[in-house]
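These notes are about the structure you will find just below.
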Amino acid sequence: MPNTGTSVDRLPPIPAEQLSAEQKKAAEEFAAGRGYTPRGPFAVMLRSPEVMLRAKAMGDYLRFRNVLPKRVSEMVILITAREWTQQYEWAYHYKIALEEKLDRAVIEAIAEGRRPDKMQEDEAVAYDFSVELHRRRSVSDATYARALKLFGEQGVIDLVGISGYYTFNAMMMNVARSKVDIEVDLTLRQFPD
């Protein structure tokens with residue numbers, strides 16, 4: 001069952017004085033690259049330092065340098081958070097999506113688990129691609145062709161990469177029951193199983 005925000009954090013951040021030498025070294029490397037100590041999924045992954053650092057490397061590209069418009073990239077992250085009912089991922093990227101000018105009505109529809117009524121063309125293509133990928137575990141020829149035409153092969157790979165990477169992070173935090181440490185005015189309700 002996904003984290004509803006009320007359960008006990010199974011794998012909370014490790015206090016600095018309890019870090020092993022390998023964990024401390026990995027945390028320092030992480031902080032040198034990101035400018036902050038491991039938090040969220042990275043605080044969970046720190047139990048396996050190499051997993052954390054390799055995930056950071058993939059995330060550095062998928063989060064900050066992918067070829068999609070930032071607004072679209074953040075929308076795909078929100079779709080993934082919605083599909084996994086991952087509150088931490090939602091809380092952080094909800095604010096970023098607003099900063100990147102993703103329309104609030106689009107965000108609200110995603111939170112409710114429905115297709116937004118009005119989207120820009122790139123948003124509609126990315127939405128359909130991402131939702132099909134999450135729910136059908138594949139993408140139809142028509143949806144693939146629309147994404148390929150609009151985003152190119154690298155954009156298609158980045159769409160898949162973002163969905164997969166943030167699914168990986170959501171899995172980490174849902175297993176850990178990670179607590180949300182920021183306020184957000186729109187949270188995800190639990191969908192019935």
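I need the full set of residues from the range 30-47 which are within 24 Å of residue 167 (Cα to Cα) and outside any loop (DSSP other than H, G, I, E, B), in order please. Selection gives 30, 31, 33, 34, 41, 42, 43, 44, 45. Yes or no: residue 58 touching a residue at least 12 places away in the same chain (Cβ under 8 Å), of a type in the set (A, V, I, L, M) and part of a helix (DSSP H, G or I)? Spelling it out, residue 58 is indeed touching a residue at least 12 places away in the same chain (Cβ under 8 Å), of a type in the set (A, V, I, L, M) and part of a helix (DSSP H, G or I). A single member of 49, 2 is touching a helix residue (DSSP H, G or I) at 6+ places or on another chain (Cβ under 8 Å) and modelled with pLDDT under 95, and it is 2. Against the list (1) closer than 24 Å to residue 52 by Cβ; (2) of a type outside the set (D, E, K, R); (3) part of a helix (DSSP H, G or I), the condition residue 111 fails is (1).
Quick one: would you say residue 63 is under 29 Å from residue 26 (Cβ atoms) and out of contact with any Pro (no Cβ under 9 Å at 6 or more places or on another chain)? Yes; evaluated as a whole, the condition is true for this residue. Within the range 81-106, the set of residues being in contact with a helix residue (DSSP H, G or I) (Cβ under 6 Å, 6 or more places away or on another chain), surrounded by fewer than 21 Cβ atoms within 10 Å (Cβ to Cβ) and either assigned to a helix (DSSP H, G or I) or of a type in the set (A, V, I, L, M, F, W, C) (or both) comprises just one member, 96. Screening the candidates 117, 122 for the property of being of a type in the set (D, E, K, R) and within 21 Å of residue 164 (Cβ to Cβ) yields one hit, 122. Which members of the range 162-193 meet the condition of being among the small types (Gly, Ala, Ser), surrounded by 18 or more Cβ atoms within 10 Å (Cβ to Cβ) and part of a helix (DSSP H, G or I)? 163, 170, 176, listed by residue number. Can you tell which of 137, 189 is in the same structural domain as residue 87 (by TED's automatic domain parsing), more than 21 Å from residue 55 (Cα to Cα) and not aliphatic (A, V, I, L, M)? Just a single option satisfies the conditions, and that option is 137. Between 159, 150, the distinction of being over 16 Å from the mean Cα position of the chain (by Cα), modelled with pLDDT of 95 or more and outside any loop (DSSP other than H, G, I, E, B) belongs to 150 only. Entry remark, the range 66-80: residues being buried (at least 21 other Cβ atoms within 10 Å of the Cβ), over 10 Å from the mean Cα position of the chain (by Cα) and without any contact (Cβ under 8 Å) to a residue 40 or more places away in the chain number 0 in total. Condition (residue is free of Cβ contacts under 8 Å to residues at least 40 places away in the same chain, among the polar types (S, T, N, Q) and within 25 Å of residue 183 (Cα to Cα)) applied to the range 83-101: is it met by at least one residue? Checked the range 83-101: no residue is free of Cβ contacts under 8 Å to residues at least 40 places away in the same chain, among the polar types (S, T, N, Q) and within 25 Å of residue 183 (Cα to Cα).
The values are calculated or read from the model by the stated rules, or taken from the named source; none is laboratory data. In this text, all values refer to a predicted model and were calculated from it rather than measured experimentally. Every residue, glycine as well, gets a Cβ built from its backbone with ideal geometry; the counts of neighbours run over all protein chains shown.
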